[in-house]
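What follows is a short report on a single structure.
Each value in this text was obtained by applying a stated rule to the coordinates, not by laboratory testing. All values reported here derive from a predicted model rather than from experimental measurement. Every residue, glycine as well, gets a Cβ built from its backbone with ideal geometry; the counts of neighbours run over all protein chains shown.
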Amino acid sequence: MMNANLKIVGTFLLCAMFSALVHAENAMISIETDNVSMIMGTDNKGELLFRHFGGRIGDISQFAGYKTYRRSDYGTDPLAYPAAGGRFFNEPALLAEYGNGHLNTELKYVSHKSIQVDGNVTRTEILLQDRVTSLRVLLVYTAYAKEDVIVCHTEITNGGKKPVLLKNYYSSSLPVMAGKYHLMHFYGSWAREMQVDTEPLSHGIKTIESKKGVRTTHTENPSFMLGLNADGFDENHGEVIAGALAWSGNFKISFQMDETDRVNILAGINPYASEYRLDKGKTFVTPEMIYTYSFAGTGQASRNLHDWARNYGCYDSSVMCPTLLNSWEGAYFDFNTKTLTDMIDDVRDMGLEMFVLDDGWFGNAYPRNDAKHGLGDWETNVAKLPEGIGYLVDYAHERGVKFGIWIEPEMVNPESELARKHPEWIVKSEGREVPTIRTQWLLDLSNPDVQDFVFGVFDRTMQLAPGIDYIKWDANRHVESFGSEYLERQNHFFVEYVQGFRNVLRRLREKYPEVIVQACASGGGRVEYGALKYFNEVWTSDNTEALSRVFIQYGTNMIYPACVTGSHVSAVPNHQTGNVTPLKFRFDVASAGRLGMELQPKDMTDDEKEFAKMAIASYKEYRDLVFGGDLYRLMSPYESGDHYALMYVSKDKKRAVVFAYCIKFQGRTLIPVIRLHGLDTCLKYSIRELNVKKSRFWGSGKVFGGDYLTSHGINPQLTKIYDSSVFYLEAEN
Ligand code: GLA
């Protein structure tokens, strides 16, 4: 959507206006945002080198005659896009094998141009070419001024006669020079996504990657923060580079500290088992790597990424997601029409806005009554739902409730009609056992027929009844022992799977621009900006337990805005961890994201339902802040250990919502003093604790100056584990 707009304006401007086309040696290129400059220049050999990435420098002519005082025969120059060949010996962004078997590439600057796409966006293209062959590399940098974000990708074109094998073909290479480097990255597993890991970088290479093909973001997320000149991270101070790759497949991001103490960041498609043959005349377009640079700590880095995501990176983030009840943890596979209509009644009674029917509604020859059967057979199960899906959709709509439904179109159970009908569509390696995960196989999306099928699953599901409002798209396994009957070159599988996935999503968005679509992959297995171009939201984790969610959401929202992170209140003891937490704590944690519920409302007491009603109603009052406000993390669950606090502030600083939690048994002596951020110190704010009869803060209901709240802070009595508060702040006129 965003790309289409960008393309139209870009094409128009391309034709309409002149863009600087420079062929000279000693070219100087500046890519700028409001506060950041990325400056490159050519040396006298015609190589393109990074000169600066950091604070904005207005007059780039000052770089003329720049000397590094390094021996040019050392091979460690900060090339803009280092290729294996010539003197270069660090990890290369490009490694190509030519028709004659040679592996050397020496990229030289040819030309560049800058296109002002609109008042905020500038696109700079730099053309490089190998000194000997006709391999061309176009480096594309799109700068978003207000957001201080620069998005890079690379287009590699084989201008020669013979095919070229691309072995490394990264999206971007970014050399960074600082006194010290501290890396933050996000590791985890199923039900434990986006745990924050921080470590100092030292010489050698540190890599974060995925080789799972599908569901690639459980174990490492393709994103990071890099703190410069400090031993750790601070929310509000210090220089931080943050990066995120938009690619729903295997990725690799490496940080190489070389002998000059420079760190080079390489980011892109993982070269693992992915040698790509580029035929004559063909161009390979790499995924986009998104960078921001903050001068005010990790907090500003997150806010820059969030702004960019909302304005450009995510699919239609202006749509306010309805609060919802999802049937999964409340009913699993065990339901009939009455179970669901009762749930829809409860949705309406509690003030929720949508009902989502999860897994279990399809399959007849192999009824989907457990995870072993029916995946692939997308007809409504007539034994469970004889009245059909249309009846449920109407039932919901008549009660003012929206309706959503679950699909997992890339997958198939061995026990299904589809597996019998199309064995050639299943990802497998000839002559070897086809391994299952969750008793399912993967369909080969590199095959256009499978793409049509997957498109058709979505399309037919939408047509089960007019007015389906929401689709939850799941993917519950990754790639193992891969092989494609369709592909000539198995090395292309990992890349072409993702391209096939994108093709389907592109087609779906053309046909269904309005429907809200969630990317779920056993929870947070597809939390990345490649998917978010097409999906409105992600299912942050299958772990719905509130204490675990504190850490998962804290990590996820470092990079991704709260308007995409689905977050549900579930039953206790929690189904994933067994933990028992108060309903208020569960609501207060879930309300810091896209609020939903996932339990059987029949099992709730009247008091619990009353509380839920109140919490849902108040969420509707402030959710625009969660969706579009600036996030300030006030206390880290990792650093404080006892408390966690965050707030969202409206762009005009007139409204805010503060969430604060006690997350540890700690003897009741530690009373947090939480200093607020992002407010206007000249304004006065009324502060009101929501969803309580008696506030935990003596100042609830009073008016405080922004200066008081910022410099002194609030001290709510959050002393027992799972005590929590939500405060709503409004500026006085
Ligand atoms: C995955 C999802 C869950 C649920 C189940 C249904 O685990 O992450 O939310 O949809 O599948 O089978």
Dipole check, the chain, charges on Cβ (K,R +1; D,E -1), about Cα centroid: among Y512, Y728, L385 the Cα furthest to the positive pole belongs to Y728
Along the dipole axis of the range 188-337 (charges at Cβ: +1 for Lys and Arg, -1 for Asp and Glu; origin at the Cα centre), the most positive-end residue among L201, W308, Y276 is Y276
For H575, H218, ascending order of other Cβ atoms within 10 Å (fewest first) is H575, H218
In nm, the gap between the two label points placed 7 Å beyond Cα toward Cβ at Q717 and S134 is 8.0 nm
One finds, for S111 and I205 with R0 = 51 angstrom and r their Cβ-Cβ distance, a FRET efficiency to the nearest 0.05 of 0.95
Relative contact order as a percentage, the range 2-313, C-alpha pairs under 8 Å and 6+ apart, gives 16 percent
Listing E485, E528 by rising number of other beta-carbon atoms within 10 angstrom, fewest first, gives E485, E528
Per the C-alpha gyration tensor (a ≥ b ≥ c, the square roots of its eigenvalues), the chain is rounded if a/c is under 1.5, else prolate if a/b beats b/c, else oblate; here it's oblate
Straight-line reach check, K113, cutoff 18 Å on alpha carbons, 8 or more apart in-chain or any other chain, hits among lysines -> K7
A correct Karplus calculation of ³J(HN,Hα) over the range 485-498, with 6.51 cos²θ - 1.76 cosθ + 1.60, θ = phi - 60°, whole Hz and x for Gly and Pro, returns 6, 7, 6, 6, 10, 5, 4, 8, 4, 4, 6, 6, 4, 5
Note: K372 to D349 extended length (0.36 nm per residue) minus current alpha-carbon separation gives 4.8 nm
Under the rule rounded for a/c under 1.5, else prolate if a/b exceeds b/c, else oblate, using alpha carbon gyration tensor axes a ≥ b ≥ c, the range 2-313 is classed as rounded
If each K or R counts +1 and each D or E counts -1, the residues other than Y170 whose Cβ falls under 13 Å of its Cβ total -2
For the range 143-212, shape from the Cα gyration tensor axes a ≥ b ≥ c, cut at a/c of 1.5 then a/b versus b/c, turns out prolate
So, relative contact order of the chain in percent, Cα under 8 Å, 6 or more apart, is 9 percent
Under the Karplus relation with 6.51, -1.76 and 1.60 and θ = phi - 60°, whole-Hz ³J(HN,Hα) for the range 327-340, x at Gly and Pro, equal 7, 4, 6, x, 9, 6, 8, 9, 8, 9, 4, 5, 3, 6
Listed by chain and number, the aspartates and glutamates with an alpha carbon less than 19 angstrom from that of K67, same-chain partners under 8 positions apart left out, are E25, D43, E47, D59, D77, E259, D261
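Counting other Cβ atoms within 10 Å, which trypsin sites (Lys or Arg not before Pro) in the range 456-524 have at most 13 and lie in a DSSP loop?
Those that pass, being in a loop and sparsely packed, are R489.
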In nm, the gap between the two label points placed 7 Å beyond Cα toward Cβ at E125 and A365 is 5.0 nm
FRET efficiency for E424 and D707 from the Cβ-Cβ distance with R0 = 56 Å, rounded to 0.05, comes out at 0.20
In whole Hz, the Karplus estimates of ³J(HN,Hα) for the range 636-649 (6.51, -1.76, 1.60; θ = phi - 60°; x where Gly or Pro) are 8, x, 7, 7, 6, x, 9, 9, 9, 8, 8, 8, 10, 10
Rounded to the nearest 500, the 222 nm mean residue ellipticity computed for the chain from DSSP H runs (n ≥ 4, each -39500 (n - 2.57)) alone is -6500 deg cm²/dmol
When K161, K282, K167 are ranked with the fewest other C-beta atoms within 10 Å first, the list becomes K161, K282, K167
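Hey, got the dipole for the chain? About the Cα centre, +1 on K and R Cβ, -1 on D and E Cβ, debye to the nearest 20? Each step should come with its number before you reach the end.
Details: 77 positive and 91 negative charges, 219 e Å.
The calculation lands at about 1060 debye.
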Of the candidates N168, F53, L183, the farthest towards the positive dipole end of the range 2-313 (Lys/Arg Cβ +1, Asp/Glu Cβ -1, centred on the Cα centre) is N168
Any lysines whose Cα falls less than 17 Å from that of K146, other than same-chain ones fewer than 8 residues away, would be K651
Checked against a 30 Å limit on the C-alpha separation, the offending pairs among K533/K602; K384/K609; K212/K421; K533/K684 are K533/K602; K533/K684
To the nearest 0.05, the calculated FRET efficiency linking S61 and K511 through their beta-carbon distance, R0 being 56 Å, is 0.65
The chain: antiparallel bridges as % of DSSP beta bridges, rounded to 5, reads 80 percent
